[in-house]
């Protein structure tokens, strides 16, 4: 185990940070593709106390030559592609960027793996947003896809190109169709973190209201720290495959708000304002994953209930706001 090298794209994101910590705990040498686009991208790695243990490689998912060099430098036996323009709301305004990063970026990385080390095992971060306008009440690996955003469409290309490289070149490519997964490391633009941060700020007198769109949308929410274990387990299997990773429980945004605000002694109804500008051009009303295959074949199941997850996030945001 200790001799394994892993390469993670998107290592500075929520999932990348938790996955890096998991692999380090398992004795891996962890390399991370680091696109230098903004001022402070390493705060999540610092939050987990692992920023000095990661070997960062300057590269970009849209640049094949840098990805080839990343594969050569890391000598990775396992490659985890978590890089994406991952905010659904922005994908309508940045549709081409989303296609290039979230879609074409996958084939760039697959090509780099195929050129340098085609025996490396490859994980693709797929998403429940590919189901979109749901064709079945509970979505499994066999549920037809119907994406409802440029993000979902780009992710669907990434998903199918990973399948295609598996079938065309015999590569060990697996995709995790992950349903919504959250944590204290979630970006502030995502609704769960927007809610927990607002609860903390309103409680401490630094904000008066929280403006949201469709709070009756239903999602299957889990803890990102649990979900990265499923990613690792997929690459330990003899045969590559695709798996839904979910809790199997769906909750409305409204109920999630209630949990967050109640945790700090507030009534969400006194602070949440419905604002039409936050409605999506094409809404995904319900997502509910069926994790039976992951439970059966990987021995994986979600461990953290939503109540525990949301209160953990509120507590972290309370501490952040106090430090400000």
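Read-outs: derived from the displayed coordinates by stated rules, not from any lab. Because the structure is a prediction, the values reported are computed rather than measured. Neighbour counts are summed over all protein chains in view; Cβ atoms, including those assigned to glycine, are modelled from backbone coordinates with ideal geometry.
Structure data summary
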item: Sequence of 235, 42 once ranked by neighbouring C-beta atoms within 10 Å, starting from the fewest; result: 42, 235
item: Theoretical FRET efficiency, 1/(1+(r/R0)^6), r = Cβ-Cβ of residue 239 and residue 146, R0 25 Å, to 0.05; result: 0.35
item: Crossing angle, helix 306-323 versus the chain [Cα axis fit, 0-90 degrees, rounded to tens]; result: 80
item: Ranking of 25, 78 by count of other Cβ atoms within 10 Å, fewest first; result: 25, 78
item: The chain: angle of helix 64-74 to the longest principal axis, Cα-based, in degrees nearest 10; result: 80
item: Value of relative contact order over segment 98-246, rounded to a whole percent, pairs C-alpha under 8 Å and six or more apart; result: 27
item: Shape category assigned to the chain from the gyration tensor of Cα positions, a/c cut at 1.5; result: prolate
item: Prolate/oblate/rounded label for segment 67-216 (Cα gyration tensor, a/c 1.5); result: prolate
item: CD proxy at 222 nm, helix term only [per DSSP H run n ≥ 4: -39500 (n - 2.57); per residue of the chain; nearest 500]; result: -11000 deg cm²/dmol
item: Principal-axis tilt of helix 253-263 within the chain, Cα atoms, nearest 10 degrees; result: 70
item: Distance (nanometres) between label positions extended 7 Å along Cα→Cβ at residue 285 and residue 315; result: 3.7
item: Computed label-point distance, nm, for sites residue 52 and residue 96 using a 7 Å Cα→Cβ extension; result: 4.4
item: Ordering of 172-185, 264-277 by burial proxy (mean other Cβ atoms within 10 Å per residue, highest first); result: 172-185, 264-277
item: Overall form of segment 9-92 per C-alpha gyration tensor (a/c, 1.5; a/b vs b/c); result: oblate
item: Residues 129, 209, 111 arranged by fewest to most Cβ contacts within 10 Å; result: 209, 111, 129
item: Inter-part distance where segment 189-267 and segment 51-104 are each reduced to a Cα centre, Å; result: 24
item: FRET E, pair residue 75, residue 135, Förster distance 56 Å, beta-carbon r, rounded to 0.05; result: 0.85
